[in-house]
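The structure appears below as structure tokens.
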Amino acid sequence: MNHSIIAASRLRRVELPFIITVNSGSSGSYTIPTDPSRFFNYNYDVTTSDGQNIAGNTGNLTISFPSTNTVYTIEISKSFPKMFINNNAEKLKFLSIEQFGIYGKNAPNQFRAFYLASNCVINATDAGSFEDVTEIINFFDGLSSVVSFPTINTINVTNWNASFRGMINLLKFPLLNTSSGINFSFFLFGNASLVSFGKYNFQNASRFSLSWYNCISLVNFDGTSFENCPCINYKDAFQNTNLSQTSIDSILTSINSNSTSNGFFKQTGGSAPSSIGEAAITAMRSRGWTITVTGGF
């Protein structure tokens, strides 16, 4: 028995396909969109639920289906680093992500990959192939039909700007790895259904401007996420939220524990801080912070 072959086979990663569903629409077709501006290496094969097999695609691919206004499944294998749905009609025909699989591999930038695909839901349960991704600007921005999605691999992501903005029906944010994150501006802006936000690692963060702005249902927030965080820009970060007193106290005391100076913080809506939060505000103001909170302290 060749044990070296067996060991190699165990280490070899099984690459699962990227699986989506689309509506063929009145044209009876769907165009798989790629992003040539990023110079990605596309070389993908397609299998469809109506029995088509189309191999060796290196750019956009228009698939003609036998029926109009019908839902079809598309499996994409080999190398498909990024979607770039830049056509408004095609955005509405994009219905779901069933499996991430090979999607995202060798693609550091995921700018506007699924931007405003408002009919899309995410049924995938896998972490995907996002190990190379460093920027997810506007990644799921405007996916207003999404209720939940899995813990994708974000270990190397530094720029989260507006990545999950406008997901108005998102009920729970997954426990993503945020440890490399620097820019979280507009992060969860306008996510009106989100009630709780747990503990995350923001050790490298420098911007939280408008991050949870207009999260009108957000009550529970684990402020200890901001411990050991160097950020001083929380401008409008918690405007139009519904934070509990425990949450706003936790946020303020955690930020204060970093002994940073000359920052900006704004909260409106929800509860005013207690004497615990007010003590943190007083200490921060003594170091040049500009702070606005519910209750006007």
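Residues of the range 242-249 include none that is under 21 Å from the mean Cα position of the chain (by Cα) and hydrophobic (A, V, I, L, M, F, W, C). Going through (1) surrounded by fewer than 20 Cβ atoms within 10 Å (Cβ to Cβ); (2) touching a strand residue (DSSP E or B) at 6+ places or on another chain (Cβ under 7 Å); (3) not assigned by TED's automatic domain parsing to the domain that holds Asn258 one by one, Ile182 falls short only on (3). Contact map, the range 270-284: residues that are assigned by TED's automatic domain parsing to the domain that holds Thr260 and of a type in the set (D, E, K, R) paired with residues that are surrounded by fewer than 21 Cβ atoms within 10 Å (Cβ to Cβ) and in a loop (DSSP other than H, G, I, E, B), Cβ distance under 6 Å, separation 6+ or inter-chain. Pairs shown: Glu278/Phe297.
When Ser26 is tested against (1) part of a loop (DSSP other than H, G, I, E, B); (2) at pLDDT below 95; (3) over 23 Å from the mean Cα position of the chain (by Cα), just one condition goes unmet, and that condition is (2). Sub-6 Å Cβ pairs linking a first residue in the range 158-187 that is within 17 Å of Ile232 (Cα to Cα) to a second residue that is assigned to a loop (DSSP other than H, G, I, E, B) and among the charged types (D, E, K, R), at least 6 apart or interchain, are Phe186/Arg165, ordered by first then second residue. Each residue in the range 59-83 was checked for being buried (at least 18 other Cβ atoms within 10 Å of the Cβ), part of a loop (DSSP other than H, G, I, E, B) and small (Gly, Ala, Ser), and 0 pass. Comparison of Phe265, Phe238 shows that the only residue that is under 19 Å from Ala192 (Cβ atoms) and touching a Lys or Arg at 6+ places or on another chain (Cβ under 8 Å) is Phe238.
Exactly one residue out of Gln267, Gln239, Gln245 is polar (S, T, N, Q), closer than 22 Å to Lys172 by Cα, surrounded by 22 or more Cβ atoms within 10 Å (Cβ to Cβ) and at pLDDT 95 or above: that is Gln267.
Within the range 101-124, being more than 14 Å from Leu143 (Cβ to Cβ) and not small (Gly, Ala, Ser) holds for Ile102, Tyr103, Lys105, Asn106, Pro108, Asn109, Phe111. Candidates Phe130, Phe100, Phe140: the one that is within 11 Å of the chain's Cα centre (by Cα) and either outside the structural domain of Ile32 (by TED's automatic domain parsing) or surrounded by 20 or more Cβ atoms within 10 Å (Cβ to Cβ) (or both) is Phe140.
On inspection, Ala192 fails the criterion of being farther than 21 Å from Ile255 by Cβ, assigned to a loop (DSSP other than H, G, I, E, B) and touching an Asp or Glu at 6+ places or on another chain (Cβ under 9 Å).
The values are calculated or read from the model by the stated rules, or taken from the named source; none is laboratory data. On a predicted model such as this, the values are computed, not experimentally measured, just so you know. We place every Cβ from the backbone using ideal geometry, glycine too, and count neighbours over all the protein chains shown.
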